[in-house]
1. Taking the options Arg149, Arg59, name whichever one is more than 28 Å from Gly259 (Cα to Cα), in contact with a Leu (Cβ under 7 Å, 6 or more places away or on another chain) and either in contact (Cβ under 8 Å) with a residue 40 or more places away in the chain or surrounded by 21 or more Cβ atoms within 10 Å (Cβ to Cβ) (or both).
2. From the list Thr75, Thr21, which one is in contact with a helix residue (DSSP H, G or I) (Cβ under 9 Å, 6 or more places away or on another chain), of a type in the set (S, T, N, Q) and closer than 17 Å to Gly281 by Cα?
3. Consider only pairs whose beta carbons are under 9 Å apart and that are at least six residues apart or on different chains; among these, list those whose first residue lies in segment 45-56 and is closer than 18 Å to Val17 by Cβ and of a type in the set (Lys, Arg) and whose second residue is surrounded by 15 or more Cβ atoms within 10 Å (Cβ to Cβ) and modelled with pLDDT of 95 or more.
4. Only residues that are part of a loop (DSSP other than H, G, I, E, B) and at pLDDT 95 or above: list them for segment 27-40, please.
5. Which condition does Leu177 not pass, out of (1) of a type in the set (A, V, I, L, M, F, W, C); (2) in a strand (DSSP E or B); (3) over 23 Å from Pro96 (Cα atoms), if it passes all the others?
6. Residues in segment 104-120: is at least one touching a Phe, Trp or Tyr at 6+ places or on another chain (Cβ under 9 Å), β-branched (Val, Ile, Thr), part of a loop (DSSP other than H, G, I, E, B) and within 18 Å of Glu57 (Cα to Cα)?
Amino acid sequence: MRLVQGYADTGNAHAFVPPFTIENAMEPKVPFVFNSPHSGRNYRVDFVNSSRLDQREIRSSEDAFVDHLYKDAVTLGAPFIAANFPRVYLDVNREPYELDPKMFEGKLPSYVNTRSLRVAGGLGTIARIVNDNKEIYRHRIPMEEGMERIETLYRPYHMAVRSTLARVRQLYGAAILIDCHSMPSTTHANGNMVKTDFILGDRFGSSCDPAITERATEILETMGFSVSRNLPYAGGFITEHYGRPDRNVHALQIEINRGLYMDEKTLTPKPHFSAVRRSLGLFVRELTRLDAGELGAQPLAAE
């Protein structure tokens with residue numbers, strides 16, 4: 001499989017790149033799991049050739065560099081999961097089978113969700129469009145290819161998320177998933193432009209204990225950042241699916257304004273990228289000091 005890389009770390013476009021990376025999964029030092037599902041930047045050549053988009057357009061839906069911004073979580077001993085495949089190829093922040101039948105050659109299985117709002121908007125598990133409603137593909141995708149993407153990428157990714165959360169909860173009695181994303185600097189909600197540095201999404205209080213959202217807000221605001229909650233990003237499938245506060249599994253989505261750290265036209269880091277990364281490292285350090293016991297957690301091994 002040949003790959004085209006956007007922001008390449010290896011410098012070798014022909015090197016094997018695993019579907020995702022996971023660190024600290026077996027020996028977590030804190031009850032937090034950090035997840036970056038949309039920062040993947042390894043593009044299959046056949047996918048690029050099947051697209052009508054240029055390089056900048058095809059990368060416009062990336063949460064570019066987000067995995068780098070939160071990398072200090074690894075140093076602190078938190079499990080860190082990051083997709084290497086791009087969101088535009090497969091979006092793990094959707095149900096497994098949110099698919100638009102008009103995109104595929106052949107009949108989709110009966111269990112596929114073809115009627116969700118995300119499918120209608122062109123942003124299903126396999127997206128039809130990127131920003132500005134630009135169509136991705138030159139032609140229809142064989143149904144078998146779409147199913148293969150889900151079986152070989154989506155399912156292993158979510159298996160890794162589930163097993164990591166289960167391991168952390170077993171050790172600490174609670175697991176807190178921080179789902180890391182980025183948002184365009186020109187973000188709108190209800191027809192109005194939202195000017196904020198971060199948006200925290202907890203599904204309007206249903207996906208995590210309020211103490212977690214409050215603590216994250218407090219840390220960021222103390223550092224001088226502006227923070228909003230839930231509008232227009234309350235959290236996607238990952239936050240909704242894994243956030244089960246009644247079972248001591250919590251999920252909080254964090255969107256960072258891309259204008260803080262990157263040039264959105266050239267998709268390159270700004271000169272002060274390192275300073276923003278250090279700020280996020282401090283944020284991670286302070287947030288992971290939250291004691292799981294404050295959430296009423298008890299290690300399952302001790303029960």
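1. Step by step, each of Arg149, Arg59 is checked, and only Arg149 is more than 28 Å from Gly259 (Cα to Cα), in contact with a Leu (Cβ under 7 Å, 6 or more places away or on another chain) and either in contact (Cβ under 8 Å) with a residue 40 or more places away in the chain or surrounded by 21 or more Cβ atoms within 10 Å (Cβ to Cβ) (or both).
2. It is Thr75.
3. none
4. Residues satisfying the conditions are Pro28, Lys29, Val30, Pro31, Pro37, His38, Ser39, Gly40.
5. Result: Leu177 passes all but (3).
6. Taking every residue of segment 104-120 in turn, none turns out to be touching a Phe, Trp or Tyr at 6+ places or on another chain (Cβ under 9 Å), β-branched (Val, Ile, Thr), part of a loop (DSSP other than H, G, I, E, B) and within 18 Å of Glu57 (Cα to Cα).
The values are calculated or read from the model by the stated rules, or taken from the named source; none is laboratory data. Model, not experiment: these values are computed from the prediction. Note: ideal-geometry Cβ built from the backbone for every residue, glycine included; neighbour counts use all protein chains shown.
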